[in-house]
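Comments concern the structure below.
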Amino acid sequence: MSITEQILQNKNFTKENIISLLQLGKTEAKLLFAESLKTKRESIGLDVHLRGLIEYSNICEKNCLYCGLRKSTEKKNTYTLSDNQIDFCIQEAIRLQYGSVALQCGEQSGKEFTEKITQIIKKIKQVSENKIGITLSCGEQSKETYREWFNAGAHRYLLRIETSNEDLYYKIHPKNSTHSFYNRVKCLEDLKDLGYQVGTGVMVGLPFQSTEDLADDILFFKQKDVAMIGLGPFIPHQDTPLWQFRENIPDKQERMFLTLKMIAILRLVMPEINMVSATANQTLDPLGREKAIVAGANIIMPNLTPTSKREDYAIYPDKACVKDSPDDCANCLEIRMRGIEHNIVYNEWGDSLAFIKKHTAFKS
Ligand code: 5AD
Ligand code: SF4
Ligand code: FES
């Protein structure tokens, strides 16, 4: 039996073994992918749940060195969706039978912003008669704000740690008090404490990132016992400081391959979590999102943002679907998922089984 077969059979996911899985070449990795798909089938099945994506605003107060929405990068247009546009997104989610939405925006602070998000959450709940689940992704906030949003009806929160290596964190973020690794970890703890289903994740293929870092990321997720993961490849953006290191990262194919291996290993290490197939996968590979699902992911985020605004939410360049409408994405995904023999589930929240089980265990 090969070493890979031994690791997979014994489910012996030590740091050393995770590193060796991350280093697998194309042929041996097939074993990993086969095992991951099998585990997915047995633990959560081949259903795919949707989070209709609402990109609420591209305004951001932060300056992450990789992101096109950063404060110091001049944007062609800044926008915040109007009430009418939000209503449009909610109506589209209902019409397209999406069981959940994900409300995302650049990180902003201040009462006006936090209260607006509260209002939107309440509106989604009210208009959909509580049928639509809500994932928020609005960055680092105070515990009070997180509580307010939870009480308004949000029940999942995605806050990527970006990298679990503190040194690397400060290579991809400016070193100042608004970009604190410590605070980000604290936010994840606050969210969990409040009862959210908490998700985190990293970018794969960052400059200065080692295979050991990626293995540590997996162990970090496990240790934090998160319910959801959203990870995806790093894509250099020409208007950001990290662009200068674009030659010092794995090439497109390698970044995609590494991302798929991360997903597959995570499905083995944490079989019942929800894992997103990120849109960024499709920027690197036309079939990237399907490949991520086959590798172990089970969530897709079809875009609901009005088409006229999509281009302005340019976190990274060449984002998929910027010229498409909500209907286009809905039809497209149905065909794509059927093509890989997965089944899109409509009108369900699609909570993480890992979370549901723990939650019910708590109550009884
Ligand atoms: N490439 C890939 N992902 C990125 N993100 C930000 N910038 C990039 C980029 N250049 C991701 C980060 C962040 C989320 C909003 O988008 O992980 O958490
Ligand atoms: Fe703002 Fe998030 Fe982009 Fe950082 S990653 S600049 S917080 S939108
Ligand atoms: Fe948007 Fe394919 S998912 S067009």
Qualifying positions in segment 190-201 - under 14 Å from A227 (Cα atoms), surrounded by 16 or more Cβ atoms within 10 Å (Cβ to Cβ) and among the charged types (D, E, K, R)
K192
I'd like the full set of residues that are of a type in the set (V, I, T) and within 17 Å of Y169 (Cα to Cα), limited to segment 231-259.
I235, T240, I249
Go through segment 208-237 residue by residue and tally those that are within 10 Å of ligand 1 (Cβ to nearest atom) and either part of a loop (DSSP other than H, G, I, E, B) or of a type in the set (D, E) (or both).
4
Considering only residues that are within 16 Å of ligand 3 (Cβ to nearest atom) and more than 21 Å from the chain's Cα centre (by Cα), which ones fall in segment 55-94?
E92
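From I44, I18, I59, I90, which residue is crowded, with 20+ Cβ neighbours inside 10 Å and either in contact with a Phe, Trp or Tyr (Cβ under 9 Å, 6 or more places away or on another chain) or over 27 Å from L214 (Cα atoms) (or both)? Reasoning before the result, please.
Values: I44 fails: either in contact with a Phe, Trp or Tyr (Cβ under 9 Å, 6 or more places away or on another chain) or over 27 Å from L214 (Cα atoms) (or both); I18 fails: either in contact with a Phe, Trp or Tyr (Cβ under 9 Å, 6 or more places away or on another chain) or over 27 Å from L214 (Cα atoms) (or both); I59 fails: crowded, with 20+ Cβ neighbours inside 10 Å.
When all the criteria are applied, what remains is I90.
For segment 1-113, list the strands (runs of 3 or more DSSP E) that sit wholly inside it and hold at least 1 residues that are closer than 28 Å to Y169 by Cα and not hydroxyl-bearing (S, T, Y); which are they?
Details: elements: 47-50, 52-57, 100-105.
By residue number, 52-57, 100-105.
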Kindly list, by first and then second residue, each pair from a residue in segment 232-258 that is within 16 Å of ligand 3 (Cβ to nearest atom) to a residue that is β-branched (V, I, T) and part of a helix (DSSP H, G or I), limited to pairs with Cβ atoms under 8 Å and residues at least 6 apart or on different chains.
G232/T259
Any residue in segment 185-207 that's within 16 Å of N274 (Cβ to Cβ) and within 15 Å of ligand 1 (Cβ to nearest atom): show its pairings with residues that are in a helix (DSSP H, G or I) and small (G, A, S) at Cβ separation under 6 Å, as long as the two are six or more apart or on different chains.
none
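Residue by residue, here is whether (1) part of a loop (DSSP other than H, G, I, E, B); (2) more than 20 Å from the chain's Cα centre (by Cα); (3) crowded, with 16+ Cβ neighbours inside 10 Å holds:
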{"site": "K131", "(1), (2), (3)": "yes, yes, yes"}
{"site": "I134", "(1), (2), (3)": "no, no, yes"}
{"site": "E140", "(1), (2), (3)": "yes, no, yes"}
{"site": "Y157", "(1), (2), (3)": "no, no, yes"}
{"site": "R160", "(1), (2), (3)": "yes, no, yes"}
{"site": "N176", "(1), (2), (3)": "yes, yes, no"}
{"site": "Y182", "(1), (2), (3)": "no, yes, no"}
{"site": "L188", "(1), (2), (3)": "no, no, yes"}
Return yes when I161 is more than 17 Å from T80 (Cβ to Cβ) and aliphatic (A, V, I, L, M) and no when it is not.
yes
Before we move on, is S142 more than 15 Å from ligand 2 (Cβ to nearest atom) and farther than 28 Å from K357 by Cβ?
yes
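Taken together, the values in this text are just the output of simple stated rules run on the coordinates, not laboratory data. Here the structure is a predicted model, which means the values were calculated and not measured. Cβ atoms come from the backbone with ideal geometry, glycine included; neighbour counts cover every protein chain shown.
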